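Novice: Starting off with a structure, shown below.
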Amino acid sequence: MAIPRITVIISGRGSNLAALLAAERTGRLAGSVAAVISNRADAAGLGIAAAYGVATTVVDHATHASREAFESALAATVDASAPDLVVLAGFLRILGDAFVRRYEGRLLNIHPSLLPAYPGLHTHRRALADGVRIHGCTVHFVTPDLDHGPIVAQGAVAVEDDDDETTLAARVLAIEHRVLPGAVRAYCQGRLVIEGRRVRVKDGPPTTRTLEVPPIAG
Ligand code: GRF
């Protein structure tokens, strides 16, 4: 069977992209990152892709007259890479229905909260303001309903008393780097079955959740 081709779309730092590439390099991805697309020319992730010898393309939203024009250019670039799976890894723009429908069922996103809690922006700040004790990340299939698609994988971390937005974000990011490659691997192995709002992971060990919350002493 051909190795599934993965196209990753980014906007910035690219640490989740780096985690995918590292997993591929060590034989833990079951797929191959064939292309990286960024909507920003200054995205650090483009350098990471280049260091791994992966083709990169910039589709700059700012040079397109409308969201529709940007998204059709983005779709043309994605299609040119002939992906089996498209991963939004820190892509910081909201995608319209036409784009999402085009890739539905083969479009994953990583979001820095335990969805359905905290969709949207500033997830760590909002979690701290609410005083939650457990926070984390979610990999989900993308649907037109923002941050509400079927959940593939989640990772949880404890919120410490002295956490601020920076320390909490760092702890969640570390777990994102484990959860995303696990979810992508399960997809590439053909093990994810979408059943309505739920995703079943068939055959083999669950690679799609991780719990790193220590039990409360006493
Ligand atoms: C991550 O926290 C991801 O969950 C969110 O944007 C951030 C991207 O970080 N969607 P990076 O570019 O992968 O380092």
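Only the coordinates and a few stated rules stand behind these numbers; no lab work does. Since this is a predicted model, take the numbers as computed values, not measurements. Here the Cβ positions follow ideal geometry from the backbone for every residue, glycine too, while neighbour counts run over all protein chains shown.
Novice: Count charges around Thr143 for me, please; just the other residues with Cβ under 10 Å from its Cβ, Lys/Arg as +1, Asp/Glu as -1.
Specialist: Net charge around Thr143: -2.
Novice: Among the DSSP beta bridges whose two residues both lie in the chain, what percent are antiparallel, rounded to the nearest 5?
Specialist: Values: 15 of 35 bridges.
Close to 45 percent.
Novice: Counting other beta carbons within 10 Å of each Cβ, put Thr138, Thr166 in order, fewest first. Let's see the in-between values first.
Specialist: On the way: Thr138 25, Thr166 9.
In increasing order of surrounding Cβ atoms, one gets Thr166, Thr138.
Novice: A further question on this structure: For the stretch 101-117 and the stretch 121-135, write down the distance between their C-alpha centroids in whole Å.
Specialist: Here the two parts' Cα centres lie 19 Å apart.
Novice: Could you give each residue of the stretch 63-78 its phi-based ³J(HN,Hα) in whole Hz, using Karplus coefficients 6.51, -1.76, 1.60 with θ = phi - 60°, and x for Gly or Pro?
Specialist: Residue by residue, the stretch 63-78 yields 9, 10, 6, 8, 4, 4, 5, 4, 6, 6, 5, 5, 4, 4, 5, 4 Hz.
Novice: Where does the charge balance sit around Gly131 when Lys and Arg score +1, Asp and Glu -1, over other residues with C-beta under 13 Å from its C-beta?
Specialist: Values: positive: Arg125, Arg126, Arg133; negative: Asp130, Glu160, Asp161, Asp163.
That sum, taken over residues with Cβ under 13 Å, equals -1.
Novice: For the stretch 141-147, what does the Karplus curve 6.51 cos²θ - 1.76 cosθ + 1.60, with θ = phi - 60°, yield as ³J(HN,Hα) per residue in whole Hz, taken in order and with x for Gly and Pro?
Specialist: Residue by residue, the stretch 141-147 yields 5, 8, 10, x, 7, 3, 6 Hz.
Novice: Near Asp162, within a Cβ-to-Cβ distance under 15 Å, what is the net charge of the other residues, with Lys and Arg +1 and Asp and Glu -1?
Specialist: -3
Novice: Ordered by packing density, taken as the mean number of other Cβ atoms within 10 Å over each peptide's residues, highest first, how do 107-120, 49-62 rank?
Specialist: Working: 107-120: 19.8, 49-62: 14.9.
Most protected by this proxy first, the peptides run 107-120, 49-62.
Novice: Report, by chain and number, residues whose modeled amide H sits under 5 Å from the one on Phe91, excluding near sequence neighbours (fewer than 5 apart, same chain).
Specialist: Ser11
Novice: Give, in nm to one decimal, the length gained when the segment between Ala41 and Ala76 is fully stretched (0.36 nm per residue of separation minus the Cα-Cα distance).
Specialist: The Ala41-Ala76 span can extend by a further 10.8 nm.
Novice: Let me ask something additional. GNM, the chain, Cα, under 10 Å: largest mean-square fluctuation among Val172, Val157, Val132?
Specialist: Of Val172, Val157, Val132, the Gaussian network model singles out Val132 as fluctuating most.
Novice: Right, something else. Listing Val179, Val193 from the residue with the fewest other Cβ atoms within 10 Å to the one with the most, what is the order? Before the final figure, lay out each step's value.
Specialist: Working: Val179 26, Val193 11.
In increasing order of surrounding Cβ atoms, one gets Val193, Val179.
Novice: Further question: At a Förster radius of 41 Å, what calculated FRET efficiency corresponds to the Cβ-Cβ distance of Val193 and Thr63, to the nearest 0.05?
Specialist: Details: r = 40 Å, r/R0 = 0.97.
FRET efficiency, Val193 to Thr63: 0.55.
Novice: Please list 3J(HN,Hα) in residue order for the stretch 167-174, calculated via the Karplus relation 6.51 cos²θ - 1.76 cosθ + 1.60 where θ = phi - 60°; whole Hz, with x for glycine and proline.
Specialist: 5, 5, 4, 5, 5, 5, 4, 4
Novice: Neighbouring Cβ atoms within 10 Å as the yardstick, rank Val87, Val199 fewest first.
Specialist: Val199, Val87
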